[in-house]
Ligand SMILES: C[S@@+](CC[C@H](N)C(=O)[O-])C[C@H]1O[C@@H](n2cnc3c(N)ncnc32)[C@H](O)[C@@H]1O
Ligand code: SF4
């Protein structure tokens, strides 16, 4: 049995028995390799601080690759990095490893198109505008005509080689583009995307673009309708569609609270007010814990953010460590990771992201 299958079986077993300290390794890794980028998107906080993943962590990742089911390479812009081409080819040697690359698509030259279309991977291009004006306003420094040219070229080679590459689109929904929410699916269909993932803007970088905070009922209501239309279009076009956009339930207008990950800080404050007894109670693994967990990520995944901070998933409110000071595998079973596992088994309130707890984030994004 190969290492990845062995690890998967052990991992399933450990989840079933609700183990807190795991012998299995993560099955999925989301790794930010650097914050270097050739664009300056208005909402992006990643590129504000210079950071490169230390070589020791890159070496740890190489050791971990044979055990992983999937890896997601993030930046900055990974196609800009000198060491990424070699890392990508090395990862391909692990036949059952699924690779996902997230890119702005600007640097898709012949060499990259050739390598990508030879591989059975998922290649994501982030697109937040459907015309030159909105695209270049949001993705400052990127060019709409280059984007279209590169996608067309990639698609020509995909078709010619009958490539297994799956093309995915990432779209951050914000004030400047929410009216086009469903039209992104038409674009995805026109340009042969297989998958679309839409997410809300987070962070304080562009506060006027953030429609998810404050009293924006009319906008959120319109956006909810557009998400429904997008879902229908995606079904008709046979495109896989995921989103983490908070949706309004129309019949509860008076009580509606728009919850998204911008409330991370709020949750932290509430948690700090908890008594020690509350904390101790939650740390004892309850025998009546539910059979199925509301989230599996702390048993399955590690996410390395820009700056080296690690979380089980990108929506998780609390970090579990930093690769600058700890190894990946010591973080995997450290106290904070154990805490996530215990809280999920017992009571994730005031710990995990409210959108996950309230099921506003689809289960697909909480299970690998
Ligand atoms: C940081 S980028 C790195 C990869 C690549 N440079 C790109 O643009 O796709 C990863 C993803 O995060 C998204 N992103 C950037 N800033 C964001 C924000 N403030 N809120 C939500 N998503 C954001 C990008 O649109 C992109 O899909
Ligand atoms: S291209 Fe990606 S990493 Fe670069 S600024 Fe835009 S979102 Fe950030």
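The values are calculated or read from the model by the stated rules, or taken from the named source; none is laboratory data. Everything numeric here is computed off the predicted structure, so don't read it as measured data. FYI the Cβ positions are ideal-geometry reconstructions off the backbone, even for glycines, and counts take in every protein chain you see.
The numbered conditions (1) closer than 19 Å to residue 124 by Cβ; (2) under 19 Å from the mean Cα position of the chain (by Cα); (3) surrounded by fewer than 21 Cβ atoms within 10 Å (Cβ to Cβ) are all true for residue 237 except (2). Select from segment 212-226 the residues that are in contact (Cβ under 8 Å) with a residue 12 or more places away in the chain and not in a helix (DSSP H, G or I) and write down the one among them that is farthest from ligand 1 (Cβ to nearest atom). So, considering only residues that are in contact (Cβ under 8 Å) with a residue 12 or more places away in the chain and not in a helix (DSSP H, G or I), the one farthest from ligand 1 (Cβ to nearest atom) is 216.
Residue-by-condition table, conditions (1) modelled with pLDDT of 85 or more; (2) farther than 30 Å from residue 70 by Cβ:
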{"residue": "261", "(1), (2)": "no, no"}
{"residue": "265", "(1), (2)": "no, yes"}
{"residue": "280", "(1), (2)": "no, yes"}
{"residue": "288", "(1), (2)": "no, yes"}
{"residue": "302", "(1), (2)": "yes, no"}
{"residue": "330", "(1), (2)": "yes, no"}
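When the residues of segment 28-60 are filtered to those that are surrounded by 20 or more Cβ atoms within 10 Å (Cβ to Cβ) and closer than 25 Å to residue 335 by Cβ, which remaining residue is farthest from ligand 1 (Cβ to nearest atom)? Across segment 28-60, the extreme among qualifying residues is 29.
What is the residue count in segment 133-174 for residues that are away from ligand 2 (no atom under 16 Å from the Cβ) and in a loop (DSSP other than H, G, I, E, B)? Talk me through it step by step, then tell me what you get.
Taking segment 133-174 as the starting set, the residues that turn out to be away from ligand 2 (no atom under 16 Å from the Cβ) are 133, 145, 148-149, 152-167.
Then keep just the ones that are in a loop (DSSP other than H, G, I, E, B); that gives 162-165.
Within segment 133-174, residues that are away from ligand 2 (no atom under 16 Å from the Cβ) and in a loop (DSSP other than H, G, I, E, B) number 4.
Just one of the listed residues (15, 20) is in a loop (DSSP other than H, G, I, E, B), in contact (Cβ under 8 Å) with a residue 60 or more places away in the chain and away from ligand 2 (no atom under 14 Å from the Cβ), and it is 20.
Is it the case that residue 21 is loosely packed, with under 14 Cβ neighbours inside 10 Å and either closer than 14 Å to residue 96 by Cβ or touching a helix residue (DSSP H, G or I) at 6+ places or on another chain (Cβ under 8 Å) (or both)? Spelling it out, residue 21 is indeed loosely packed, with under 14 Cβ neighbours inside 10 Å and either closer than 14 Å to residue 96 by Cβ or touching a helix residue (DSSP H, G or I) at 6+ places or on another chain (Cβ under 8 Å) (or both). Pairing residues of segment 302-314 that are over 16 Å from residue 78 (Cβ atoms) and free of Cβ contacts under 8 Å to residues at least 60 places away in the same chain with residues that are within 13 Å of ligand 2 (Cβ to nearest atom) and outside any strand (DSSP E or B), at Cβ distances under 7 Å and at least 6 apart in sequence or on separate chains, gives 311/305. Each residue in segment 109-151 was checked for being within 23 Å of the chain's Cα centre (by Cα), surrounded by fewer than 15 Cβ atoms within 10 Å (Cβ to Cβ) and more than 20 Å from residue 37 (Cα to Cα), and 1 of them qualify. Filtering segment 317-363 to residues that are in a helix (DSSP H, G or I), out of contact with any helix residue (DSSP H, G or I) (no Cβ under 8 Å at 6 or more places or on another chain) and without any contact (Cβ under 8 Å) to a residue 40 or more places away in the chain leaves 330, 335, 336, 363. Here is the figure for segment 188-211: residues that are touching a helix residue (DSSP H, G or I) at 6+ places or on another chain (Cβ under 6 Å) and in a loop (DSSP other than H, G, I, E, B) total 5. Checked against the criterion of being at pLDDT 95 or above, closer than 30 Å to residue 142 by Cβ and within 16 Å of ligand 2 (Cβ to nearest atom), the candidates 58, 87, 92, 107 yield just one match: 107.
The rows are residues; the columns are (1) touching a helix residue (DSSP H, G or I) at 6+ places or on another chain (Cβ under 9 Å); (2) part of a loop (DSSP other than H, G, I, E, B); (3) within 19 Å of residue 6 (Cα to Cα).
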residue: 61; (1), (2), (3): yes, no, yes
residue: 64; (1), (2), (3): yes, no, yes
residue: 82; (1), (2), (3): no, yes, no
residue: 100; (1), (2), (3): no, no, no
residue: 108; (1), (2), (3): yes, yes, no
residue: 113; (1), (2), (3): yes, no, no
residue: 116; (1), (2), (3): yes, no, no
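Here residue 73 meets each of (1) in contact (Cβ under 8 Å) with a residue 24 or more places away in the chain; (2) in a loop (DSSP other than H, G, I, E, B); (3) within 14 Å of ligand 2 (Cβ to nearest atom) with one exception, condition (2). Taking segment 176-187 only, how many residues are in a loop (DSSP other than H, G, I, E, B) and within 15 Å of ligand 1 (Cβ to nearest atom)? Within segment 176-187, residues that are in a loop (DSSP other than H, G, I, E, B) and within 15 Å of ligand 1 (Cβ to nearest atom) number 3.
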